[in-house]
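Quick note: the coordinates plus some simple rules give every number you see, no bench work behind them. Just so it is clear, the structure is predicted and the values come from calculations on it, not from any experiment. All Cβ positions, even for glycine, are placed from backbone atoms using ideal geometry, and neighbour counts span all protein chains on display.
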Amino acid sequence: MSEIFGIPTQALFGQLLIGLINGSFYALLSLGLAVIFGLLNIINFAHGAQYMMGAFCAWFLLNKLGLGYGWALLITPPVVGASGIVIERLMLSRLYKLDHLYGFLLTFGLALILQGLFRQEFGSSGLPYPIPNALQGGQNLGFMFLPNYRAWVVVASLTVCIATWFLIEKTRLGAYLRAATENPQLVQAFGINVPRMIMLTYGFGVALAALAGVMAAPIYSVNPLMGENLIIVVFAVVVIGGMGSIMGSIVTGFMLGLVEGLTKVFYPEASNTVIFVIMAIVLMIRPAGLFGAQK
Amino acid sequence: MNWKRSFYAAAVFALATSPTYAQISDGVIKIGVMNDQSGTYADLAGPGSVVAARMAVEDFGAAKKGMKVEVVVADHQNKPEVGSSIARQWYDVDKVDAIVDVPTSSVALAVNQITREKNKVLIVSTGATVDLTGKSCSPNTIHWTYDTWSLANGTGNAVVKNGGDSWFFLTADYAFGHSLEQQTEAVVLKNGGKVMGKVRHPFPSSDMSSFLLQAQTSKAKIIGLANAGADTINAIKQGAEFGIVKSGQQFAGLLVFLTDVHSLGLNVAQGLLLTESFYWDLNDQTRAFSKRFAKLHKGAMPTMGQVGVYSGVLHYLKAIEALKSDQGDKVVAKMKELPTDDAVFGKGWVRQDGRKIHNMYLFEVKKPAESKGAWDYYKLRGTIPAEQAFRPEKEGGCSLVK
Amino acid sequence: MTQATQQAAAGIAEREREQKQHRIAFVLMAAFFAFGPALIYPVFLMKVMCFALFACAFNLLLGFVGLLSFGHAMFLGMGGYVAAHTAKVWGLTPELAILCGAAVSGVLGLVSGLIAIRRQGIYFAMITLALAQMVYFFCVQAPFTGGEDGIQAVPRGKLFGLIDLSNQLAMYVMVAVIFFSGFLLIYRIIHSPFGQVLKAIRENETRAISLGYDINRYKLLAYVISATLSGVAGATNALVFQLAALNSVHWTMSGEVVLMTLLGGLGTVFGPVVGALVLLAMENYLAQLGAWVTIAQGVIFVICVLTFRRGIVGELMAFFKHWSR
């Protein structure tokens, strides 16, 4: 059996693998979003812009300071994360008592500002960022050519995802964090600085977006608009996974990468839309998402 | 800033001298540059087109001739409603006489309609749809720089003749992508080539790897990119990553601008075949022009869309000078009558259907080793003579052609 | 007087003052649109009226039922496409074309409403976004929409087969009539018993249920009305500009209407009109500033959320209320 629905099995394997690679981006991005939502109840619409900032930061390090990809991986997340902390302190912290809607609108506005500023400064046709030398080339898997860089993306993304999940769901720190969002007064009473914890959590979520941006820089165009259309897809991933569920968004990220990969073979025109179809169906059947707890 | 000073000088001078151009409504010729100042097409048209328009006014010597010419700018944000309301407002309230540039087909077609209604002049440079000189042609519109047909024809012909006879199309799933694909396919088939397959990707798509893999399995020699902007850039970038070019397949960009190559870098873009109507390093005239342009525009060399604005505005002013009137249809008729000649496209003419005719060129992107520095990106692979570069007048179905 | 009657009297006085305020505001608005064309470019004002109607329809849902739809562009866009198509290809007169557009948007509202209405808050927003993305996909694929070229050169036609709408004044009057009828309809709905139930649902859904209201039916009806009026706005807009194109179905349009409503004043009657006017004026008159338009919009968003969450009209009303005491 060498063909499935008229597609050679070999090609299908290739497409599934590519789907998995894209899925790892979705997972990484939705992870940050899910952390921010699950723990802070903020719908962070600026996530796409922060992802874009990560890519630009990497470009800046390489072209202005001569620091390569490895440094970018180390430096970018804290830098962009710090910018997130500033935003949290100055703006978001005033909105916690209000409806979700306002956080969503505020970050929507922030996304517009950030994208506008980068467009004004760097134009819109994008900037080049080379694949680091150590990760050039690729492996011939027989059914497809797998670039080393893509393999690295999958491995790195999985590692980060699992580490984050472990941190939040299995460690003492994570337990404090979850407790702090459930009942801030009580946790505060135990002598834990809740506002600082929340601030750092937002910074962490933003840093995850920036990390995804650095990983994306060598394969996508480093472009002020790179996050604009991705953001609603990533939102869909988080919603399907169940808002706030860390594991949900990781699994859904990878899964939707696969589904999208298959759609690109059978009905490529619809590959941007298929995620929304799934989202509508999931919300009809399981309102809280696949992994979300029913409230 | 040089142009600014000379522009003010022109204005003051025009006010001081006697108005010999009595036929010009309200005494001022107002040219509106309408394009995407901030979005996807901002680099290949955008502020650069405004610089080009002002250079044309300066080179025409409006001040010396006692004509008062003003250049105004607007961002249509790639939204047809915004473009259409700006156009109406320009014509009705601000007394704009001509609109130039207009990328994005939907906006160009909308402005085309309004310009005809108000009897003004539209010179499309960055807009690509071939309908402007076909079923939507108008006695008030000239399509200046290129169109989808000429790109498809230029690249398609040359590539097939050089042995690239089997194609796979990567098409942006929207009207522009479809028409590029269909026109190129027709050229490929006519020249005895064959099409091994095609895939239509949503617009925009950041990840092309899946489609590239499909192109790879098709074993076609040439992967035709019937898309634009970030989609093309991503496809080429990821093609390099997946070893598409190394394994013997070659990309043919159907709409690639110099700024796209600049954004890709030669490392990734090398070997890409593409058609353009202008490159800064063609001859002494284009070099001199481009250096002047770069000085006024953050050191960036002009794209064909931007020089098209220059060339179009220059010819428009010449026609007004000859006619001593700025009435839309008459000016366009005069523009069709006068031969064109300028530093960027050399000699040419405007056809009855509103198509400006000049040479098109097939370029190959240089290897990094061959490039002598910034913006030294193309080598000339062939010239498509003006007579063959554009769709024959009869095939367009334009009602102005008898 | 007992306390209860005192309270009732105070309530009546309050309502009367509010009605008076509304009457003054309405007269001001009518005067603005009646005399505006003398000072401001009429086509721009027509656009403002179309989008004001769109924002008012959206506000009916968000401000008075508390449902944030993040897919309202689908109704605007579909209304526009259908009106453009019927006017251009079928040769319908403008009023019929607009009716067709409204009807299709209404049906789309019914279908999507049946799916979306069962969810609340962010899930409602997301499901409407999902549906709008599907509609967007349909509009890209369907042959009659002309892809990203859109439907161009739509004839304005003759109203009732008699009045030629290529006349600017006639067109203006028609748009104004449509806008004011839509506006008054929404006003009427808000202040009807039906509107009271909607507000009760917004305030406390569980209590509304326990009072015996079939809240899903109320929500659905409000959703369909909002969709239909959005369709009317889209259809009228298509005739004004003589085109229908993809950007009015794109999700950023759904975001823009949220911005208009929020900026003007969420849940106020006149807020969306002011919001639409301000936002479109920025888009139109700052058009030469390029990317700065987006930045300015973003800044306004942020300032709105941080400092005056009641929007322009909401803040004004609060100011007068405070001042008159």
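Helix B:148-161 against the longest principal axis of chain B: what's the angle in degrees, Cα atoms only, rounded to the nearest 10?
Roughly 40 degrees, rounded to the nearest 10.
Quick one: grab the alpha carbon gyration tensor of region A:1-96, order the square roots of its eigenvalues as a ≥ b ≥ c, and give me rounded if a/c is under 1.5, else prolate or oblate depending on whether a/b is larger than b/c.
oblate
Please list, in chain and number order, the residues 5+ apart from B:Gln37 or on another chain whose amide H is under 5 Å from its amide H, with Hs placed from the backbone.
Sorted by chain and number, the residues that satisfy this are B:His76, B:Gln77.
Rounded to the nearest whole Å³, what is the per residue volume of the convex hull around the Cα atoms of region C:42-249?
Dividing the Cα hull volume of region C:42-249 by its residues yields 103 Å³.
At 222 nm, what value in deg cm²/dmol follows for chain C if DSSP H runs of at least 4 each add -39500 (n - 2.57) and the sum is divided by all its residues, to the nearest 500?
Value at 222 nm, helices only: -25500 deg cm²/dmol.
How shielded is B:233-242 by partner chains, expressed as the average number of their Cβ atoms within 10 Å of its Cβ atoms?
Per-residue shielding by partner chains comes out at 5.
Tell me which residues come under 5 Å, amide H to amide H, from B:Gly382 once H is placed; ignore anything under 5 positions away on its chain.
B:Leu362
Which aspartates and glutamates, on any chain, are close to B:Lys372 with Cα under 20 Å apart, when same-chain ones fewer than 8 places away are left out?
The qualifying aspartates and glutamates are B:Asp260, B:Asp281, B:Asp284, B:Glu364.
Quick check: the angle from helix C:42-62's long axis to the longest principal axis of chain C, C-alpha only, nearest 10 degrees?
Around 50 degrees separate the two axes.
Arrange C:His85, C:His22 by Cβ neighbour counts within 10 Å, fewest through most, would you? Walk me through the numbers before you get to the answer.
Working: C:His85 23, C:His22 15.
Result, fewest neighbours first: C:His22, C:His85.
What is the fewest-to-most order of C:His250, B:His143 by other Cβ atoms lying within 10 Å of their Cβ?
Result, fewest neighbours first: C:His250, B:His143.
How large are Rg and Dmax for chain A when calculated on the C-alpha trace, in angstrom?
19.4, 65
Taking only DSSP H segments of four or more residues, each worth -39500 (n - 2.57), what value at 222 nm results for chain B once the sum is divided by all its residues, to the nearest 500 deg cm²/dmol?
-13000 deg cm²/dmol
Quick one: 3J(HN,Hα) in Hz for region A:150-164, Karplus 6.51/-1.76/1.60 with θ = phi - 60°, rounded, Gly and Pro as x.
5, 4, 4, 4, 4, 5, 4, 5, 4, 4, 4, 4, 5, 4, 5
Return A:Arg150, A:Arg178, B:Arg355 ranked ascending by Cβ neighbour count within 10 Å, so the fewest neighbours appear first.
Ranked by crowding around the Cβ, least crowded first: A:Arg178, A:Arg150, B:Arg355.
Write down the percent of antiparallel bridges among all DSSP beta bridges whose residues are both part of the protein assembly as shown, to the nearest 5.
40 percent
Could you give me the ³J(HN,Hα) list for region A:29-43, computed from phi with Karplus coefficients 6.51, -1.76, 1.60 and θ = phi - 60°, whole Hz, x at Gly and Pro?
Once rounded to whole Hz, the list reads 5, 6, 4, x, 5, 5, 4, 5, 6, x, 9, 10, 6, 10, 8.
Please list log₁₀ I(q)/I(0) at q = 0.14 Å⁻¹ for chain B, using the Debye equation with identical point scatterers on the alpha-carbon positions.
Log10 I(q)/I(0), no solvent term: -1.19.
What is region C:123-206 by shape, rounded, prolate or oblate, if you read a ≥ b ≥ c off the alpha carbon gyration tensor as root eigenvalues and call it rounded for a/c under 1.5, prolate for a/b larger than b/c, and oblate otherwise?
Oblate is the answer for region C:123-206, as a/c is 1.5 or above yet b/c matches or exceeds a/b.
Taking H placed 1.01 Å from N in the peptide plane, check which residues at least 5 places from A:Gly138 or on another chain put their amide H under 5 Å from its amide H.
A:Asn148
Determine the alpha carbon to alpha carbon distance for each of B:Lys237/B:Lys366; B:Lys246/B:Lys366; B:Lys79/B:Lys356; B:Lys219/B:Lys246; B:Lys64/B:Lys295 and list only those over 18 Å.
Working: B:Lys237/B:Lys366 16 Å; B:Lys246/B:Lys366 16 Å; B:Lys79/B:Lys356 26 Å; B:Lys219/B:Lys246 13 Å; B:Lys64/B:Lys295 24 Å.
As for pairs spanning more than 18 Å Cα to Cα, those are B:Lys79/B:Lys356; B:Lys64/B:Lys295.
How far is helix C:73-88 tilted, in degrees, relative to the longest principal axis of the Cα atoms in chain C, given as a value from 0 to 90 rounded to the nearest 10?
40 degrees
Which chymotrypsin sites (Phe, Trp or Tyr not before Pro) does region A:160-211 hold that lie in a coil by DSSP with at most 12 other beta carbons within 10 Å?
Sparse-neighbourhood loop chymotrypsin sites (Phe, Trp or Tyr not before Pro): A:Phe190.
Checking the a/c ratio against 1.5 first, then a/b against b/c, what shape does the Cα gyration tensor give for the protein assembly as shown?
On the way: a/c = 1.73, a/b = 1.16, b/c = 1.50.
Since a/c reaches 1.5 but b/c is at least a/b, the shape of the protein assembly as shown is classed as oblate.
Which whole-angstrom value gives the distance between the alpha carbon centres of region A:235-295 and region B:205-268?
About 29 Å separates the Cα centre of region A:235-295 from the one of region B:205-268.
Distance from the Cα centre of region B:312-348 to that of region A:52-109, in angstrom?
Using only Cα atoms to place each centre, the spacing works out to 52 Å.
Kindly write out, for region B:385-402 in residue order, the coupling ³J(HN,Hα) from the Karplus curve 6.51 cos²θ - 1.76 cosθ + 1.60 (θ = phi - 60°), rounded to whole Hz, with x marking Gly and Pro.
x, 2, 4, 9, 6, 10, 4, x, 3, 5, 7, x, x, 7, 6, 7, 8, 9
Of the candidates C:Ala153, C:Ala38, C:Ala84, which one comes out as most mobile in a Gaussian network treatment of chain C with C-alpha springs shorter than 10 Å?
C:Ala38
Select from B:Met360, B:Met301, B:Met196 the residue whose mean-square fluctuation is largest in a Gaussian network model of chain B (Cα-Cα springs shorter than 10 Å).
Evaluated over chain B, the most mobile residue of the options is B:Met196.
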